[in-house]
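Before any comments, here is the structure.
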Amino acid sequence: MSTLSFALCGNAGPYDEYNPYYVTEETMRHRLLIELNRQPLTLKELATRLSAREDDIEEHIAALIRCGLVEEVVVEGVKKFKPSFTILLEDDVKTLRGIMTNISKDMFSIVKEEIEKVREVEHDLSCVKAGYYFRDLDYIVVVAYTLDYGALRVLSDEGYLVVAKEMPGGRRYVFSAIESSCVDLRKAWMWGHSERFGKYIFYTHGRLPPRPPRKALPDLAWWWSLNGVSMDIVNKMMIDMGRVLESLHLGRRNLEEMRQETGIDGEYLVVLVNNLYLMNYVDIKDNGVELKKPFLAREDVERIERLSEGLMHRIVKEVVERSWSLLKEAYSKTNPYRNGIALEEAFNFVYHLIFERCADRLIREGIISEPSTMIDGGKYSAWVAVEA
């Protein structure tokens with residue numbers, strides 16, 4: 001039985017009837033969406049194809065409409081339904097594969113050419129100048145900041161891509177799906193999670209663990225909140241952990257030095273340091289504490305963003321701009337196109353698939369290092385930055 005794998009760019013909000021991940025949990029809805037993706041259908045036609053009761057189908061459709069994932073259309077005077085978001089089935093992926101592969105190859109070549117400029121910026125980061133070494137810093141700068149976050153900004157500014165749109169329930173996101181037989185999305189180098197607490201932004205980026213959530217921040221902060229910890233307490237802890245990490249980014253500190261720099265009470269400071277140690281953000285050596293994950297000061301983030309913006313402008317000019325007409329032609333033969341999904345919206349997900357292929361090749365060919373396997377079994381990078 002065919003199923004779908006889903007991806008979201010933006011903020012899905014609380015896990016409720018307006019959250020697309022919640023609404024698409026039932027596999028019956030996967031089958032329903034696959035059928036609708038091929039052509040608009042009535043309730044009766046869907047019930048027949050899925051061997052289901054029409055009342056049950058109507059309930060599923062109502063939930064999907066409420067979340068903004070399905071919409072009504074009138075075809076020759078008959079009310080039917082179709083998806084209102086990008087769904088790529090096997091035939092769509094085959095249609096797009098050639099142009100996606102070519103774009104990914106060209107992106108790879110440019111990044112390979114520019115990698116020494118990347119290293120120059122990395123060597124000038126405050127935590128690196130303090131003597132720290134982070135194996136996955138290339139991954140963070142190239143894949144997360146450039147091919148993902150920087151690309152979304154530049155591609156959006158240039159009019160090639162929709163980053164997020166207004167959705168029911170006061171959410172902003174672009175939701176997409178792909179037939180599960182096409183790719184294992186959990187093993188894709190494309191999953192970026194981030195959340196700001198005070199001036200600190202906590203990030204994870206890379207592959208997902210076998211079982212969520214990631215045992216890192218901000219994912220654990222979300223888990224704490226979902227399990228009854230008040231947001232006031234979560235916010236305070238996250239900000240204070242950010243302060244602790246900031247005190248370490250220029251070198252090893254003992255607890256007294258950290259207390260003086262952060263102003264955090266001694267016993268509470270010990271609790272914070274212990275939690276960060278258990279999550280592998282810090283190490284404790286010879287009565288001192290040092291970073292195990294990168295901490296980027298504001299000026300560090302600004303340096304990285306200038307680099308990523310310049311690199312992505314080159315990629316857009318030399319690759320995306322030259323490939324756009326071929327991509328439009330291929331896209332015009334897909335199911336999302338027939339369902340009225342604009343290429344700029346579909347390109348959000350298509351681009352993620354493209355840059356993931358580029359990232360995978362960069363890792364396989366040793367241009368950048370693969371993120372380490374974390375305690376939860378996922379392969380991803382974790383770091384903290386001051387908001388630029």
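The values are calculated or read from the model by the stated rules, or taken from the named source; none is laboratory data. Everything numeric in this text was worked out from a predicted model, so none of it was measured. Note that we place each Cβ from the backbone using ideal geometry, even for glycine, and neighbour counts take in every protein chain shown.
Below is a table of values for the structure above.
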read-out	value
Hey, Ser194 assigned by TED's automatic domain parsing to the domain that holds Met100, within 17 Å of Leu296 (Cβ to Cβ), surrounded by fewer than 19 Cβ atoms within 10 Å (Cβ to Cβ) and not hydrophobic (A, V, I, L, M, F, W, C) or not	yes
One residue from Thr86, Thr48 being more than 21 Å from Ser5 (Cα to Cα) and either under 33 Å from the mean Cα position of the chain (by Cα) or without any contact (Cβ under 8 Å) to a residue 12 or more places away in the chain (or both)	Thr48
Selection status of Met231, assigned by TED's automatic domain parsing to the domain that holds Ile201, exposed (fewer than 14 other Cβ atoms within 10 Å of the Cβ) and of a type in the set (A, V, I, L, M)	yes
Selection status of Asp240, among the acidic types (Asp, Glu) and out of contact with any strand residue (DSSP E or B) (no Cβ under 9 Å at 6 or more places or on another chain)	yes
Test: Thr101 is loosely packed, with under 15 Cβ neighbours inside 10 Å and modelled with pLDDT of 95 or more	yes
